[in-house]
Amino acid sequence: MKSLLIKSAIASSVVLSLATFTRPVMAASFAVSIEDPTVQTANYSNLVNTRVQNFDASALTTGYSATGFTWADGATNIGSYTNTLLVNKDQYGGAGGTGKYFDVDTNRSGGKQTVSTLNLTTAQSYFGLWWSAGDANNKLTFLSQGQVVQTLTTADVVNYIAKLPNKNSYYGNPNSPTQNTGEPYAFINFYDVGGTFDQVQFTNVGGTGFESDNHTVATSYKSITGNIVVKAVPESSSVLGVFAIAFVGATSVMTRGVKKKSTLQLS
């Protein structure tokens with residue numbers, strides 16, 4: 001039995017050490033912050049290699065599209081969206097009170113859409129969006145090379161805003177304050193601490209919509225700015241730590257997957 005445990009520990013250590021060097025670059029968690037009321041764009045001075053999709057290009061038509069569209073900035077291909085729904089500005093969205101905005105809505109898409117995906121050509125470490133007519137049914141999933149890095153719901157963003165002394169400033173469409181006063185509008189920043197992602201999935205898990213605009217990506221950032229909703233707590237990347245865990249938990253490690261999906265509720 002002792003010999004078997006030692007062999008299992010060695011095998012587990014080898015598997016985990018290989019995983020340490022070959023897995024995609026992944027963060028243990030994200031830092032999340034919201035900008036001040038009425039702000040509808042990212043803090044560009046804090047971001048590096050910034051790209052913004054405002055959905056207002058004339059080539060982008062309103063309505064649902066299973067194939068979606070390509071996101072290009074001049075000759076640079078930023079990525080592509082699939083399973084998309086674009087809507088003309090109304091009380092629920094449209095940054096600046098003009099143009100079109102992005103939505104995930106089962107009803108508006110005729111029952112065809114609950115998830116939309118942004119596939120990025122280059123790995124990014126920051127994503128931001130103007131979250132309009134927000135509700136607790138909205139969810140974002142970040143992936144790296146097909147593996148889930150983080151899943152975040154916006155449920156607690158609603159609760160966080162509700163506790164702020166200036167909470168009323170977030171409610172109602174800032175471009176027309178008398179419209180939709182029962183829901184919050186805020187620009188949210190998502191910082192991948194210690195890692196990168198190359199895909200973002202937008203999910204609406206209820207019968208409402210997931211309205212957003214000014215999708216912003218950046219390959220890096222200078223600091224975490226805005227009103228912090230979530231503080232990231234990265235896991236240790238020590239190789240020695242990996243070997244120690246592998247040896248102590250040899251008999252159980254053999255039956256576990258190397259990667260795990262991480263779900264974070266904002267608080």
Worksheet entry | Relative contact order (%) - region 27-234, alpha-carbon pairs under 8 angstrom, separation at least six | 38 percent
Worksheet entry | Gyration tensor verdict on region 122-241 (Cα atoms; rounded if a/c is under 1.5, prolate if a/b is larger than b/c, oblate otherwise) | prolate
Worksheet, complete the sentence: Most exposed first, judged by fewest Cβ atoms within 10 angstrom, Ser80, Ser109 run Ser80, Ser109
Item to complete: Could you please state, rounded to a whole Å, how far the C-alpha centre of region 35-111 is from the C-alpha centre of region 130-152?
Response: 15 Å
Discussion item. Just to check I understand the Karplus step: with θ = phi - 60° and J = 6.51 cos²θ - 1.76 cosθ + 1.60, what whole-Hz values come out for region 67-77, glycine and proline as x?
Written reply: 7, x, 7, 8, 9, 10, 10, x, 8, 8, 8
Discussion item. How much length would be gained if the chain were fully extended between Asn49 and Gln145, taking 0.36 nm per residue of separation minus their Cα-Cα distance, in nm to one decimal?
Written reply: 32.5 nm
Practice prompt. Please report, to two decimal places, log10 I(q)/I(0) for region 27-234 at q = 0.11 Å⁻¹ as given by the Debye formula with identical point scatterers on the Cα atoms and no solvent.
Written response: -0.46
Discussion item. Students often forget the sequence filter, so: which aspartates and glutamates lie under 16 Å Cα-Cα from Lys100 once same-chain residues fewer than 8 apart are removed?
Written reply: Asp56, Asp90, Glu211, Asp213
Discussion item. Full-extension gain between Arg108 and Val205, please, as 0.36 nm times their residue separation minus the C-alpha to C-alpha distance.
Written reply: 33.5 nm
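Any read-out appearing in this document is the output of simple, stated calculations on the displayed coordinates, not a laboratory observation. Given the structure is predicted, the values throughout are model-derived calculations rather than measurements. Don't worry about glycine lacking a Cβ; one is built from the backbone with ideal geometry, like all the others, and counts go over all protein chains shown.
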